[in-house]
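Quick notes on the structure that follows.
The values are calculated or read from the model by the stated rules, or taken from the named source; none is laboratory data. Note that this is a predicted model, so its numbers are computed, not measured. As a convention, Cβ positions derive from the backbone with ideal geometry for all residues, glycine included, and neighbour counts pool all protein chains shown.
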Amino acid sequence: MTDDDLRFGFGKNWADFVATQLTEDRIAQAEKHLLRFLGLDNLKGRRFLDIGCGSGLHSLAALRAGAERIVSFDFDPDSVATTLQLRAFADSPQRWSVTQGSVLDRDFMNTLEPADIVYSWGVLHHTGAMWKAIENAAIPMTPDGVFYIALYSSDAYIDPPPAYWLDLKRRYNLAGPLTKRWMEWQYAWRGSIWPEMRIWRNPLEVIRSYSKFRGMSYWTDVRDWLGGYPMEFAGNRETAVFCRERLGLDLINIYAGEGNTEFLFRRHGAGNYWDQIVASRKLVPLTGPFIHRTGHAYQLDLPQFADRADDSNDPRRSRLMLYEDSAPLGFAHQSHATIEAHGGGRYSHWCHYFVFSASDNSDPNSNGRQYAVADDGLP
């Protein structure tokens with residue numbers, strides 16, 4: 001049996017989501033997340049390309065944010081049909097077009113009109129040829145545009161490792177309906193329910209509030225994760241290096257630590273709205289000596305940011321971004337044990353102190369690099 005035989009029907013999953021789970025609140029959350037990561041108040045005057053549009057939710061979010069032009073396409077006919085339903089829900093605006101196509105088809109990509117924001121969330125790693133998909137996806141970028149992609153990161157899947165998840169996805173797609181439901185509940189128990197119960201928090205509340213992150217429903221994303229095949233993983237640094245060396249793109253924003261790492265790139269040497277963000281950013285240098293905890297982790301006090309740090313009541317409150325030689329690392333909200341064991345630019349802003357690691361696990365006291373934080377407002 002080939003990977004194509006096991007290909008997951010994303011479109012059917014998203015059709016069910018739109019029919020049973022889509023609400024105005026979910027649309028608003030998707031719009032908020034999109035704008036926040038882009039660092040924009042709205043998308044007025046900007047052209048938005050949604051590669052692998054899935055449910056069409058993010059295209060609708062771009063429409064609500066005021067995009068001048070939205071083009072959505074997907075390889076899956078069911079996803080195209082679902083996105084067309086959302087377009088009809090929005091009164092079929094002429095500035096939003098929906099079509100079928102493949103990001104792996106370079107000729108097709110060359111027919112697309114230039115876009116100021118090229119967007120692809122959780123799609124390119126499911127094509128069966130991820131690096132080719134990334135390369136082709138960047139074709140429609142305008143010279144001063146941005147490239148916003150989200151990819152499953154091998155850095156976030158350490159225990160169990162990527163090989164475990166690839167095997168699980170194959171077994172899920174081969175299973176019957178009852179076995180699939182059982183596997184979904186097993187995943188939810190291990191990943192959400194039991195971990196919350198262990199720290200005396202209500203897991204049902206976590207599931208109910210899930211849409212606040214991206215506007216998706218919890219169970220839709222569980223099925224999407226378990227079924228998503230074919231599948232490839234990429235390290236955060238690996239992706240940044242590929243885009244820089246192969247495509248001439250500079251990383252300007254990153255949010256890591258979840259299953260998908262979100263990346264925002266622009267062309268090397270290009271000027272755009274991000275220059276204003278950089279100019280207004282207030283970097284606070286981290287000055288050593290940094291106290292070595294154990295493993296790859298180093299620590300220093302940050303009392304001036306204590307009122308906005310993560311704590312036991314709100315373990316994802318902090319919005320601090322760590323910079324290494326002016327490059328964002330974005331691997332926030334990590335457990336101290338994970339930072340100690342794996343490093344790789346992971347960090348934690350907890351109460352009055354900051355625990356972090358260098359991107360290559362070197363000693364930040366002696367590696368010659370400059371470290372700083374900014375209250376940039378991570379998604």
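Checking the condition more than 22 Å from the chain's Cα centre (by Cα), surrounded by fewer than 19 Cβ atoms within 10 Å (Cβ to Cβ) and assigned to a strand (DSSP E or B), which residue from ALA372, ALA306 passes? Before the answer, list the steps.
Values: ALA306 fails: assigned to a strand (DSSP E or B).
None of the others qualify; the one that does is ALA372.
Of all residues being modelled with pLDDT of 95 or more and among the polar types (S, T, N, Q) in region 10-66, which is nearest to the chain's Cα centre (by Cα)? Just the residue, please.
Once the filter is applied, the top-ranked residue is SER59.
From the list GLY145, GLY228, GLY191, exactly one residue is within 29 Å of ARG26 (Cβ to Cβ) and surrounded by fewer than 16 Cβ atoms within 10 Å (Cβ to Cβ). Which is it?
GLY191
List every residue pair whose Cβ atoms sit under 8 Å apart, with the two residues 6 or more apart in sequence or on different chains, where the first one lies in region 271-298 and is among the hydrophobic types (A, V, I, L, M, F, W, C) and the second, anywhere, is part of a helix (DSSP H, G or I).
VAL284/GLN304; ALA297/HIS336; ALA297/ILE339; ALA297/GLU340
crowded, with 17+ Cβ neighbours inside 10 Å and either out of contact with any Gly (no Cβ under 7 Å at 6 or more places or on another chain) or at positive phi (or both), is that true of GLY345?
Spelling it out, GLY345 is indeed crowded, with 17+ Cβ neighbours inside 10 Å and either out of contact with any Gly (no Cβ under 7 Å at 6 or more places or on another chain) or at positive phi (or both).
With the structure loaded, tell me whether ASP250 is surrounded by fewer than 14 Cβ atoms within 10 Å (Cβ to Cβ), outside the structural domain of GLY345 (by TED's automatic domain parsing) and out of contact with any Asp or Glu (no Cβ under 7 Å at 6 or more places or on another chain) or whether it fails that test. Break it down stepwise before answering.
Details: surrounded by fewer than 14 Cβ atoms within 10 Å (Cβ to Cβ): no; outside the structural domain of GLY345 (by TED's automatic domain parsing): yes; out of contact with any Asp or Glu (no Cβ under 7 Å at 6 or more places or on another chain): yes.
Against the criterion (surrounded by fewer than 14 Cβ atoms within 10 Å (Cβ to Cβ), outside the structural domain of GLY345 (by TED's automatic domain parsing) and out of contact with any Asp or Glu (no Cβ under 7 Å at 6 or more places or on another chain)), ASP250 does not qualify.
In region 349-379, what residues are within 15 Å of GLU324 (Cα to Cα) and small (Gly, Ala, Ser)?
Hits for region 349-379 are SER357, ALA358, SER359, SER362, SER366, GLY368, ALA372, ALA374.
Restricting to region 30-77, give me the number of residues that are farther than 15 Å from SER102 by Cβ and either touching a Phe, Trp or Tyr at 6+ places or on another chain (Cβ under 7 Å) or in contact (Cβ under 8 Å) with a residue 12 or more places away in the chain (or both). Break it down stepwise before answering.
Let us first name the residues in region 30-77 that are farther than 15 Å from SER102 by Cβ, namely 30-48, 55-70.
From what is left, the residues that are either touching a Phe, Trp or Tyr at 6+ places or on another chain (Cβ under 7 Å) or in contact (Cβ under 8 Å) with a residue 12 or more places away in the chain (or both) are 30-31, 33-40, 42-48, 55-70.
So the count comes out to 33.
List the number of the failed condition for LYS169; all other conditions in (1) touching a Pro at 6+ places or on another chain (Cβ under 7 Å); (2) touching a residue at least 60 places away in the same chain (Cβ under 8 Å) hold.
Here LYS169 meets the rest and fails (1).
Among the listed residues VAL118, VAL146, which satisfies the condition of being in contact with a Lys or Arg (Cβ under 7 Å, 6 or more places away or on another chain) and not in a loop (DSSP other than H, G, I, E, B)?
After applying the criteria, what remains is VAL146.
Could you go through region 198-208 and let me know if any residue there is outside any loop (DSSP other than H, G, I, E, B), under 23 Å from GLY56 (Cα atoms) and modelled with pLDDT under 90.
Yes, because at least one residue in region 198-208 is outside any loop (DSSP other than H, G, I, E, B), under 23 Å from GLY56 (Cα atoms) and modelled with pLDDT under 90.
Could you list all residues from region 279-301 that are of a type in the set (S, T, N, Q) and crowded, with 16+ Cβ neighbours inside 10 Å?
Within region 279-301, just GLN299 meets the criteria.
For region 211-303, give me every one of the helices (runs of 4 or more DSSP H) that falls completely inside it and has 1 or more residues that are of a type in the set (S, T, N, Q) and under 14 Å from the mean Cα position of the chain (by Cα).
236-247
Cβ-Cβ distance below 6 Å, separation of 6 or more or different chains: which pairs start in region 134-154 with a residue that is outside the structural domain of ALA270 (by TED's automatic domain parsing) and farther than 10 Å from ALA234 by Cβ and end on one that is of a type in the set (Phe, Trp, Tyr) and surrounded by 24 or more Cβ atoms within 10 Å (Cβ to Cβ)?
Hits for this filter: zero, empty list.
Considering each residue of region 149-173, count those that are surrounded by fewer than 15 Cβ atoms within 10 Å (Cβ to Cβ) and outside any helix (DSSP H, G or I), and give that number.
Residues that pass the stated criteria total 4.
Restricting to region 57-84, give me the number of residues that are in a helix (DSSP H, G or I) and either over 18 Å from ALA28 (Cα atoms) or small (Gly, Ala, Ser) (or both).
Looking only at that region, the number is 10.
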